[in-house]
Amino acid sequence: MRIIKVKDYQGMSKKVAIIMASQINMKSDCVLGLATGDTPLGMYNELVYMYKEGLIDFKDVITFNLDEYYGIPKDNSQSYKYYMNKNFFNHINIDLENTHIPNGMTDDIEEECRRYDNLIKKMGNIDIQVLGIGRNGHIGFNEPDIQFESCTHLVELDEGTVKANSRFFDNIEDVPKKAISMGIKNIMHAKKIILMASGEEKADAVKKAVEGSISPEVPASVLQLHPDAYLILDEAAASKLSK
Ligand code: PGA
């Protein structure tokens, strides 16, 4: 696990975008694992800027998102599919057929999870997986006490996660309580992992993930076992690290 400390949110976003752009330029049909939430928005903006400047080409890039709410139609503005189109895919030349997000409206959850796992494998696994981190140390929607062997699965969101996500909804009652998420095993199979964290409210989770013991209670701590994992942290998110 390597730590790169940058000054602020903008520095973090730029740093991750540069790593992603290098990957795309090295392998035009690379497989990117993508995240939603507030954290990666700046990185998406940077990548869109680089695309518009002619510095990167997404024509052959393949993407897999970490997760999708269960029971929210994909054209609903709260779905992660909608978020990805609005914040990233609509502004670049990616082939939408190459962008994958779990189907949160499936009638057959087991089959959908199997389909997603198989598709990731078929594409040769993920080259770079981008992650945020929850205040409880979750990655994707892998909440505390997740089994490290998990593949794509249906999750019950933690009370704290529902509360944190309620800032995107009119009422907390509207926040979905379930989601389909890649599992820890899918994430750990990525060739490179980049976890981004910004802001003081992530400092405790970052400290536990980096300096605590490897435990399902802090899902991000599993990254200590990955051979090529980077944490790109701004000063506030890194503020509680002792080293
Ligand atoms: P955030 O979410 O980027 O909106 O803080 C991160 C997460 O919960 O994984």
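The values are calculated or read from the model by the stated rules, or taken from the named source; none is laboratory data. This structure is a prediction, so every number in the text was calculated from the model and none was measured. Positions of Cβ are generated from backbone atoms using ideal geometry, with glycine treated the same way; all protein chains shown enter the neighbour counts.
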Hits in the range 105-153 - residues which are of a type in the set (A, V, I, L, M, F, W, C) and part of a helix (DSSP H, G or I): Ile109, Cys113, Leu119, Ile120
Kindly evaluate Glu149 against the criterion of being over 27 Å from Gly42 (Cβ atoms) and without any contact (Cβ under 8 Å) to a residue 24 or more places away in the chain. no
Answer yes or no: is there a residue in the range 43-65 that is within 15 Å of the ligand (Cβ to nearest atom), out of contact with any Ser or Thr (no Cβ under 7 Å at 6 or more places or on another chain), without any contact (Cβ under 8 Å) to a residue 60 or more places away in the chain and among the hydroxyl-bearing types (Ser, Thr, Tyr). yes
Which condition number in (1) aromatic (Phe, Trp, Tyr); (2) modelled with pLDDT under 95; (3) farther than 20 Å from Gln78 by Cα is the one that Tyr116 fails? (2)
Of the residues in the range 175-187, those that are in contact (Cβ under 8 Å) with a residue 40 or more places away in the chain and either more than 13 Å from the chain's Cα centre (by Cα) or not in a loop (DSSP other than H, G, I, E, B) (or both) come to Pro176, Lys178, Ala179, Ile180, Ser181, Ile184, Asn186, Ile187
Is there any pair with a first residue in the range 2-21 that is free of Cβ contacts under 8 Å to residues at least 40 places away in the same chain and a second that is surrounded by fewer than 19 Cβ atoms within 10 Å (Cβ to Cβ) and outside any helix (DSSP H, G or I) whose Cβ atoms are under 8 Å apart and which are 6 or more apart or on different chains, and what are they? Ala21/Leu55
Counted residues, the range 27-37 - those being under 25 Å from Glu68 (Cα atoms) and either touching an Asp or Glu at 6+ places or on another chain (Cβ under 7 Å) or outside any loop (DSSP other than H, G, I, E, B) (or both): 6
Could you please find all residues in the range 130-184 being β-branched (Val, Ile, Thr), within 10 Å of the ligand (Cβ to nearest atom) and modelled with pLDDT under 95? Thr161
Considering only the range 2-61, state which residues are touching a strand residue (DSSP E or B) at 6+ places or on another chain (Cβ under 7 Å) and among the charged types (D, E, K, R). Arg2, Lys5, Lys7, Asp8, Lys15, Asp29
So Ile24 clears everything in (1) part of a helix (DSSP H, G or I); (2) over 23 Å from His100 (Cα atoms) except one condition, right? Which one? (2)
What do you reckon, is Tyr83 in contact (Cβ under 8 Å) with a residue 60 or more places away in the chain, closer than 23 Å to Gly183 by Cβ and either exposed (fewer than 15 other Cβ atoms within 10 Å of the Cβ) or among the aromatic types (Phe, Trp, Tyr) (or both)? no
